[in-house]
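Below you'll find the structure I mean.
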Amino acid sequence: MRRHTMSVLFVTGTGTEIGKTVTTAALAAAALARGRSVAVLKPAQTGVTTDEPGDVAEVERLAGPVTGVELARFPEPLAPATAALRAGLPPVGPKEIAAAAAELAASHDLVLVEGAGGLLVRFDADGHTLADAARLTGAPVLVVAQAGLGTLNATALTALALRSYGLDSPGVVIGSWPAEPDLASRCNLADLPEAAGAPLLGVIPAGSGGLAPEAFRAASPDWLAPALGGSDAFRIPS
């Protein structure tokens, strides 16, 4: 009988549109390259209609053969609680998320749970968040941050929220590193770990989501530190 390693990692961000999905795809691609089985769980997909591809489909396209699961989909690009209310659909709560993650972990080596927006975005009318689901699961939470000005405060606030929930974080990934970084971005390479209280474990080049899948899969391990399943070739930009 095959022995499965239960490993669940939540992926959150310091905001929206900062590279969570591409980061999730890079994590999945690196794990697949190491021969691990991967599941990607999206608790609440917002801003996408029923006939449009969502974040899970994008991870599958970039990373390769993962098991993709959505628990709920709401058409308007709003916080999950608001989007569910306006659509007249039931919200998804932390118990459902934790149960789905545990079920997937029983048959996969790695389960990546990609949140919506930031850590404390409301999922239901009771104010439950991704942090509540992570606490029920007992899983660590990876933080995806922006590169430039303003990211230190947002990252520090996210780290403070994680600590208030008693959650561990392996580190921070910059979700979109510019080809020509400005002074703030270059300084943030050293300052982000201090703001987060955790190491910088990944730097995803801007535009990576536009790469051909084969190129994305080949490059992904070098964007991530070994602690995230990346390669020994990972280097923080100088």
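Determine the gain in length on full extension of the stretch Asp168-Glu52; use 0.36 nm per residue of separation and subtract their C-alpha separation, reporting nm with one decimal. Intermediate values should be presented prior to the final figure.
Numbers: separation 116, 0.36 × 116 = 41.76 nm, distance 3.41 nm.
Gain in length upon complete extension: 38.3 nm.
To check you understand DSSP bridge types, tell me what percent of the beta bridges within the chain (both residues inside) are antiparallel, rounded to 5. Write down the numbers at each step before the final one.
On the way: 1 of 27 bridges.
Given both bridge residues lie in the chain, the antiparallel proportion sits at roughly 5 percent.
I need the fraction of alpha carbon pairs in the range 1-73 separated by more than 21 Å, rounded to a whole percent. Don't jump to the answer; show the numbers that get you there.
Values: 684 of 2628 pairs.
Pairs farther apart than 21 Å: 26 percent.
Percent relative contact order of the chain, based on C-alpha pairs within less than 8 angstrom and at least six residues apart?
On the way: 530 pairs, mean separation 58.7, N = 238.
Once divided by the residue count of the chain, the mean separation gives 25 percent.
Residues of the range 37-59 with amide nitrogen under 17 Å from the 7 Å Cα-to-Cβ point of Glu76?
In the range 37-59, the label zone of Glu76 (backbone N under 17 Å from the point 7 Å along Cα→Cβ) covers 45-50.
Moving on to the next point. Near the amide H of Arg73, under 5 Å away, which other amide H atoms are found, from residues 5 or more places off or on another chain, if H is placed in the peptide plane?
Correct list: Gln45.
Suppose a student asked you for the relative contact order of the range 1-111, using Cα pairs under 8 Å spaced at least 6 residues apart; what percent would you report?
Details: 166 pairs, mean separation 40.9, N = 111.
Relative contact order comes out at 37 percent.
Would you report the distance distribution of C-alpha pairs in the chain as whole percents per 10 angstrom bin, up to the bin with the largest distance?
Values per bin, smallest distances first: 8, 34, 38, 17, 2, 0.
Give me the extension gain from Ala227 to Arg34: residue separation times 0.36 nm, minus the current Cα-Cα distance, reported in nm with one decimal. Don't skip to the end; give the middle numbers.
Working: separation 193, 0.36 × 193 = 69.48 nm, distance 1.32 nm.
Gain on stretching Ala227 to Arg34: 68.2 nm.
In nm, to one decimal, how far is the modelled label at Leu211 from the one at Arg61, with both set 7 Å along Cα→Cβ?
1.6 nm
Can you check what the net charge comes to around Pro140, using other residues whose Cβ is under 13 Å from the Cβ of Pro140 (Lys, Arg +1; Asp, Glu -1)?
Working: positive: Arg135, Arg163; negative: Asp168.
Residues close to Pro140 contribute a combined charge of +1.
Just grab the label-to-label distance for Ala184 and Ala219, each label 7 Å out from Cα along the Cβ direction, in nm (one decimal).
So the label points at Ala184 and Ala219 sit 2.5 nm apart.
Ok, one more. What does DSSP give for the range 104-238 in terms of the percent of beta bridges that are antiparallel, rounded to the nearest 5?
In the range 104-238, approximately 10 percent of DSSP beta bridges are antiparallel ones.
Would you be so kind as to identify which of Pro77, Ala227, Ala131 lies farthest towards the positive end of the dipole of the chain, taking Lys and Arg as +1 and Asp and Glu as -1 on Cβ and the Cα centre as origin?
Checked the options; the winner is Ala227.
Under 5 Å between amide H atoms, partner at least 5 residues away or on a different chain: which partners does Gly13 have, H built in plane at 1.01 Å?
Leu119, Val144
Please compute the length gained on full extension between Leu160 and Leu89, using 0.36 nm multiplied by the number of residues separating them and subtracting their Cα-Cα distance.
Working: separation 71, 0.36 × 71 = 25.56 nm, distance 3.20 nm.
Fully extending the segment from Leu160 to Leu89 adds 22.4 nm.
The numbers here are math on the coordinates, done by the rules we state, and not lab data. Because the structure is predicted, anything quoted here is derived from the model rather than measured. For neighbour counting, all protein chains shown are included, and Cβ atoms are generated from backbone atoms with ideal geometry for every residue, glycine included.
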